[in-house]
Amino acid sequence: MREDWTKIELGALLDYVQPTNYIIKITNYNDSYKIPVLTPGKTFIKGYTNETKGIFSELPVIIFDDFTTASKYVNFKFKVKSSAMKILVPTSDYVNVKLTYYFMQVLQEINNTHKRYWISIYSKKLIPIAPLPEQRAIVSKIDQLFSELDNGIANLKAAKDKLEIYRQAVLKKAFEGGFIEKSKRSKDNWKKVKVKELGIISTGTTPSKKNKNYYLSRDFPFYKPTDLNAGKNVNTSIDALSEFGIKACRYVPPNSILVTCIGATIGKTGLIKNGGGFNQQINAIAPFEKYNPEFIYYQAISFQFQEQIKNNASATTLPILNKGKFLNLEMIICSKEEQHQIVQEIETRLSVCDNLLTTIEYSLEKSEALRQSILKQAFEGRLLSEKELDTCKQQPDWEPAEELLKRIKNENKQKKSKEKPKA
């Protein structure tokens, strides 16, 4: 922190307003309505309402989730979704609300207990205070750097989307025979078959958790949809079963293809390297000897097969593809030699894709660290250059932070003296 700065508790800069009067009454959201309904969480804007009463308009403010500590800066009229928040308002006209919000983004408080955090924790946190012109310059520079960072993130995400399009284009070409010359293609072997013709098909079960013998030694993997995130490289699982447990449920051998057929992750697919059990959300394909497991896996994650899953699943809140319909989904088959060649062609192309994706994911992770680094420099007084600081000192309202703090405290005291006593 710079020598001409000082510190003060957040509670001296921000007062809170309970959201009760601003909570939406009917959640008939419609994008054609004008007033946004906010939450401090990731969603931020839950929807838009046409309600005209109870609209918060004294801006700017910070909305703060009193249980999760998530917060958002708001400079437009709004209503709120929940009472589990506080609307944080400046105690003085000298308070830079946006800079205060940025400071709150560097606070890291463990919030795993169900309690209200503003009064007990956050309001007591000390925040560094700079002279007003310097505060404005810091906000301006943070905004500029964050804008550049956001543009970079948007470009990375766009590149990630293009990689997925490329991946699907590779798979489409592969299963249309694009990697095998027509003159060399075994025509009699290229045909559509139903999934039930590819191998042994089974639906999983979950052994009773009440029987401790099922989970005692934990020798065999027990797969759930979340384990299938590893895609072609599912080597193990978090959960495991004993020898008794594996006998009490469906067993699937190594190199089987698992496809999620119930729930929000319907269609999620993995190729397992170790045999084990699997839960009732999953259907398994244990391929016959004449079929290459990787050939079936890559076809299962293709857009064409995923569309079959989507079109045959029940159109309910919880989508379900029953085993009967799963058995009758279709795949392309060809000779074992051609399957092997196609898998090689796919992996040659997708390995480049995967390397690029790893680089993009790493860059996206670094971007969040960079965001925190910018804020850290800002509140240590290291974000502005000497030239930028000199410009700040030429501003007519420049004064030492201690003097600014006196103004804030005096204005806050005057406001409180004018307030009517609470009933």
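The values are calculated or read from the model by the stated rules, or taken from the named source; none is laboratory data. This structure is a prediction, so every number in the text was calculated from the model and none was measured. In this analysis, Cβ positions are derived from the backbone assuming ideal geometry, glycine residues included, and neighbour counts consider all displayed protein chains. We work out accessible area using only protein heavy atoms, side chains counted, and drop any ligands, DNA or RNA first. Shrake-Rupley method; radii C 1.70, N 1.55, O 1.52, S 1.80 Å.
The table below lists the values:
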| quantity | calculated |
| --- | --- |
| Candidate set from the stretch 293-320 (those that are open to solvent by less than 50 Å² (accessible area, probe 1.4 Å), in a loop (DSSP other than H, G, I, E, B) and not β-branched (V, I, T)); member that is modelled with the lowest pLDDT | S314 |
| Filter pass, I45 being modelled with pLDDT of 95 or more, among the β-branched types (V, I, T) and under 24 Å from the mean Cα position of the chain (by Cα) | yes |
| T265 vs. criteria more than 21 Å from C334 (Cα to Cα) and open to solvent by less than 50 Å² (accessible area, probe 1.4 Å) | no |
| Residue pairs meeting the criteria (Cβ under 7 Å; at least 6 apart or on separate chains; first part of a loop (DSSP other than H, G, I, E, B), in the stretch 104-119; second at pLDDT 90 or above and open to solvent by 90 Å² or more (accessible area, probe 1.4 Å)) | V106/K376 |
| Among (1) touching a Pro at 6+ places or on another chain (Cβ under 7 Å); (2) open to solvent by less than 40 Å² (accessible area, probe 1.4 Å); (3) of a type outside the set (K, R); (4) part of a loop (DSSP other than H, G, I, E, B) - the single one V95 does not satisfy | (1) |
| Of the criteria (1) at pLDDT 95 or above; (2) open to solvent by less than 10 Å² (accessible area, probe 1.4 Å), which one P254 fails | (2) |
| The stretch 213-250, subset closer than 24 Å to N292 by Cα and assigned to a loop (DSSP other than H, G, I, E, B), residue least open to solvent (accessible area, probe 1.4 Å) | S237 |
| Qualifying position, being of a type outside the set (F, W, Y), at pLDDT 95 or above and open to solvent by 30 Å² or more (accessible area, probe 1.4 Å), among R136, R116 | R136 |
| Residue tally, condition hydrophobic (A, V, I, L, M, F, W, C), open to solvent by 40 Å² or more (accessible area, probe 1.4 Å) and part of a strand (DSSP E or B), over the stretch 173-212 | 1 |
| Single condition F64 does not satisfy, out of (1) open to solvent by less than 30 Å² (accessible area, probe 1.4 Å); (2) more than 17 Å from K124 (Cα to Cα); (3) aromatic (F, W, Y) | (2) |
| Failed criterion for P319 (all others in (1) under 22 Å from Q168 (Cα atoms); (2) touching a residue at least 40 places away in the same chain (Cβ under 8 Å) hold) | (1) |
| Any chance K124 is more than 26 Å from the chain's Cα centre (by Cα), of a type in the set (K, R) and under 30 Å from N50 (Cβ atoms) | no |
| Residue tally, condition surrounded by fewer than 18 Cβ atoms within 10 Å (Cβ to Cβ) and part of a loop (DSSP other than H, G, I, E, B), over the stretch 6-55 | 21 |
| Residue check, A130 of a type in the set (A, V, I, L, M), touching a residue at least 12 places away in the same chain (Cβ under 8 Å) and buried (at least 20 other Cβ atoms within 10 Å of the Cβ) | yes |
| Residues of the stretch 59-86 that turn out to be over 20 Å from Y29 (Cβ atoms), in a loop (DSSP other than H, G, I, E, B) and modelled with pLDDT of 95 or more, as a count | 3 |
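Residue-by-condition table, conditions (1) within 30 Å of P293 (Cα to Cα); (2) of a type outside the set (D, E, K, R); (3) surrounded by 15 or more Cβ atoms within 10 Å (Cβ to Cβ):
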{"residue": "I333", "(1), (2), (3)": "yes, yes, yes"}
{"residue": "I342", "(1), (2), (3)": "yes, yes, yes"}
{"residue": "I346", "(1), (2), (3)": "yes, yes, yes"}
{"residue": "N355", "(1), (2), (3)": "yes, yes, no"}
{"residue": "L364", "(1), (2), (3)": "no, yes, no"}
{"residue": "L375", "(1), (2), (3)": "no, yes, yes"}
{"residue": "E380", "(1), (2), (3)": "no, no, no"}
{"residue": "L404", "(1), (2), (3)": "no, yes, yes"}
{"residue": "N410", "(1), (2), (3)": "no, yes, no"}
